[in-house]
Amino acid sequence: MKKLYVVVDMQKDFIDGSLGTKEAQEMLPRMAERLAEIQAREDTDIVFTMDTHDSDYLETQEGKKLPVQHCIKGTDGWQIAEVLQEFAEKAVTIVEKPSFGYTGWQEIAAGYDEITLGGLCTDICVISNAMLLKAFFPEIKIRIDSTCCAGVTAESHINALNAMKMCQMEII
């Protein structure tokens, strides 16, 4: 069985930067443990996504609705968390995405039997990418690693997990 683990937007700005949360900071060690387990088993490929904006972010539709500069390409906050750098260096690929969901999954995820997602934020980018993957690959098992996700709030995290479960994704 060919497996893929998608690490969604584990970037400094979402952990302890401009949009950081206590929940993201608490989840980070669990993500590092999970990736170490995956790497040791050698049975699952890893892909990282990176929320990536330009300096004109505040002029975009997203920037007008969320007027907080974050993940500006090349800044410290755009970088993947230091504790995850070694895993990112060994990833199959790192995807820079300018919006919540990445639309190029057909090129990356084709041929996998199971795709698991973890990362930030459960209620924005994790759910967006999970829904896209389910739409592109309706017969692939899509799983959400709930212990390696954090939402904007605890309530929105749970709501997103419930929505993904209703869309026939497995919550682990």
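The values are calculated or read from the model by the stated rules, or taken from the named source; none is laboratory data. The shown structure was predicted, so the numbers you read here are calculated from the model rather than taken from an experiment. Cβ: placed from backbone, ideal geometry, glycine included. Neighbour counts: every protein chain shown. To get the accessible areas, we keep the full protein, side chains included, count just its heavy atoms, and leave off ligands, DNA and RNA. Shrake-Rupley method; radii C 1.70, N 1.55, O 1.52, S 1.80 Å.
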* Hey, what do the phi angles of region 93-102 turn into as Karplus ³J(HN,Hα) couplings, whole Hz, using 6.51/-1.76/1.60 and θ = phi - 60°, x for Gly and Pro? -> 7, 10, 9, 8, 10, x, 9, 4, x, 9
* Asked: Packing-wise, with mean Cβ within 10 Å as the measure, how do 122-133, 143-154 rank, highest first?
  -> 122-133, 143-154
* Pick out which of 85, 69, 61 has the largest mean-square fluctuation in a Gaussian network model of the chain, springs linking Cα atoms closer than 10 Å. => 61
* Structure fact -> Measuring from the longest principal axis of the C-alpha atoms of the chain, the long axis of helix 154-166 (C-alpha) lies at a number of degrees, nearest 10, equal to 40
* Asked: P(r) for region 1-61: what percent of alpha-carbon pairs falls in each 10 Å bin, starting at zero?
  -> 18, 41, 27, 12, 2
* **Rg in Å to one decimal, and Dmax rounded to a whole Å, for region 44-172 via C-alpha atoms** => 14.7, 40
* To do: Enumerate by residue number the GluC sites (Glu not before Pro) in region 85-153 meeting two conditions: DSSP loop (anything except H, G, I, E, B), and at most 16 other Cβ atoms within 10 Å of the site's Cβ.
  => 139
* Asked: Which lysines does residue 73 reach when only Cα atoms under 26 Å apart count, and residues fewer than 8 places away in its own chain are ignored?
  -> 12, 22, 64, 65, 90, 97
* **Quarter of Cα convex hull surface for region 1-119, i.e. mean projection, nm²** => 7.4
* To do: Let me know the shape class of region 66-137, please: from the alpha-carbon gyration tensor, a ≥ b ≥ c as square roots of the eigenvalues, rounded when a/c is under 1.5, otherwise prolate if a/b is greater than b/c, or oblate.
  => oblate
* Asked: Residues of region 1-108: accessible area per residue at 1.4 Å, in Å²?
  -> 52
* **Protein accessible area in the chain, 1.4 Å probe - carbon and sulfur %** => 52
